[in-house]
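K.L.:
Here it is: the structure, laid out below.
The values are calculated or read from the model by the stated rules, or taken from the named source; none is laboratory data. Source: prediction; values computed, not measured. As a convention, Cβ positions derive from the backbone with ideal geometry for all residues, glycine included, and neighbour counts pool all protein chains shown. Side chains included, ligands, DNA and RNA excluded: accessible areas come from the protein's heavy atoms. Shrake-Rupley method; radii C 1.70, N 1.55, O 1.52, S 1.80 Å.
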Amino acid sequence: MDLAGKTILLTGGTGSFGHAFVDRIIADHPEATLRIFSRDELKQSEMLAHYGDRDQLRYFVGDVRNRSRLTRAMKGADIVVHAAAMKQVPACEYNPFEAVQTNVLGAQHIVDAAIDTGVDKVVALSTDKAVNPVNLYGATKLCEEKIIIQGNAYAAGSETTLSCVRYGNVVGSRGSVVPLFTRQAAEGKL
């Protein structure tokens, strides 16, 4: 896909996926503008220090729970990559309403803001855990998928297209189980 001159909004932009995505955009699409949207200003400042002050990268502090801030960040964007989520299974189980607010309500805000601002394409990251979910994280991501896909019916007559991809466990990502297994193996108990 030719992204020259395109503006991309990346929610959850300071996470593991966000870093990999930023690297790819910088390397392969230097004419694209990337808006990094996340609620963690510390991680944003660390990204700025890592990548330097590039015109290609813009940073927006905000939360997908806040529709008005999300809409403001989305204005003028051509593509939205929605990677913001509560992803830690124990944190979702212990804080179920917070997981619902971020993963479910946040997805609804993505749909509404994308349609209202005329975004061309939305790609939401889901998880393999959305298949026959056995925990709240999987259940909220299943809901996210349904909301994003059904958003196409709400977008009927507009140019906005919404889609999902499933993202499985990634070795070395934040929260990956591999570091836990490595520590346990070193202690002699897996």
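K.L.:
Just to confirm, what accessible area per residue do you get for the chain at 1.4 Å probe, in whole Å²?
P.N.:
53 Å²
K.L.:
Tell me which DSSP H helices of the chain clear both cut-offs, 24 Å or more of axial length from alpha-carbon atoms and a mean Kyte-Doolittle hydropathy of at least -1.0.
P.N.:
Helix filter hits for the chain: 136-154.
K.L.:
Show H109, H19, H82 ordered by accessible area, largest first, where the area counts protein heavy atoms only and the probe is 1.4 Å.
P.N.:
Solvent-accessible surface, decreasing: H19, H109, H82.
K.L.:
Using +1 at the Cβ of each Lys and Arg and -1 at the Cβ of each Asp and Glu in the chain, identify which of Q184, M74, A156 lies farthest towards the dipole's positive end.
P.N.:
Result: Q184.
K.L.:
Taking the alpha carbon gyration tensor of segment 36-78, what are the square roots of 5 times its eigenvalues, largest first, to the nearest whole Å?
P.N.:
20, 14, 5
K.L.:
Next question. When we measure straight from the Cα of K146, which aspartates and glutamates land under 15 angstrom away, once same-chain ones fewer than 8 places off are left out?
P.N.:
Candidates past the 8-residue exclusion: D112, D128.
K.L.:
Can I ask one more? Amide H to amide H, which residues 5 or more places from V122 or on other chains are under 5 Å from it, using H placed in the peptide plane?
P.N.:
V80, T161, L162, S163
K.L.:
While we're on this one: As an exercise, find the ratio Rg/Rh for the chain from alpha-carbon atoms, using the Kirkwood inverse-distance average for Rh.
P.N.:
For the chain, the value is 0.99.
K.L.:
Using a 1.4 angstrom probe on the protein heavy atoms only, could you order V134, V178, V111 from most to least accessible area? Don't skip to the answer; put the middle values down first.
P.N.:
Numbers: V134 140, V178 55, V111 0 Å².
Heavy-atom accessible area, descending, gives V134, V178, V111.
K.L.:
Between the DSSP loop rule and a limit of at most 14 other Cβ atoms within 10 Å, which trypsin sites (Lys or Arg not before Pro) in segment 19-57 are left?
P.N.:
R54
K.L.:
Quick one: Cα convex hull volume of segment 91-171, Å³ per residue? Show your work: numbers first, answer last.
P.N.:
Details: hull volume 7.1 nm³, N = 81.
In segment 91-171, the Cα convex hull volume per residue is 88 Å³.
K.L.:
If R₀ is 30 angstrom, what is the calculated FRET efficiency for the pair R183 and S45, using the beta carbon separation as r and rounding to 0.05? If you can, show how the numbers build up before the last one.
P.N.:
Details: r = 29 Å, r/R0 = 0.97.
Efficiency for this residue pair is about 0.55.
K.L.:
Still on this model: Using the basic label-point model (7 angstrom from Cα toward the beta carbon), what is the V123 to N152 distance in nanometres?
P.N.:
In this crude label model, V123 to N152 measures out at 1.6 nm.
K.L.:
Please work out how much length the chain gains when fully extended from Q88 to I26, using 0.36 nm per residue of separation minus the C-alpha to C-alpha distance, in nm with one decimal.
P.N.:
19.5 nm
K.L.:
Rank these residues by their accessible area, most exposed first, probe 1.4 Å: C164, C92.
P.N.:
Largest accessible area first, the list is C164, C92.
K.L.:
Straight distance only, please: which lysines reach the Cα of K141 with their own Cα at less than 22 Å, same-chain residues fewer than 8 apart left out?
P.N.:
Within the straight-line limit of under 22 Å, K141 reaches these lysines: K87, K121, K129.
K.L.:
Moving on. When the accessible area of the chain is split by element with a 1.4 Å probe, what percent falls to carbon and sulfur?
P.N.:
54 percent
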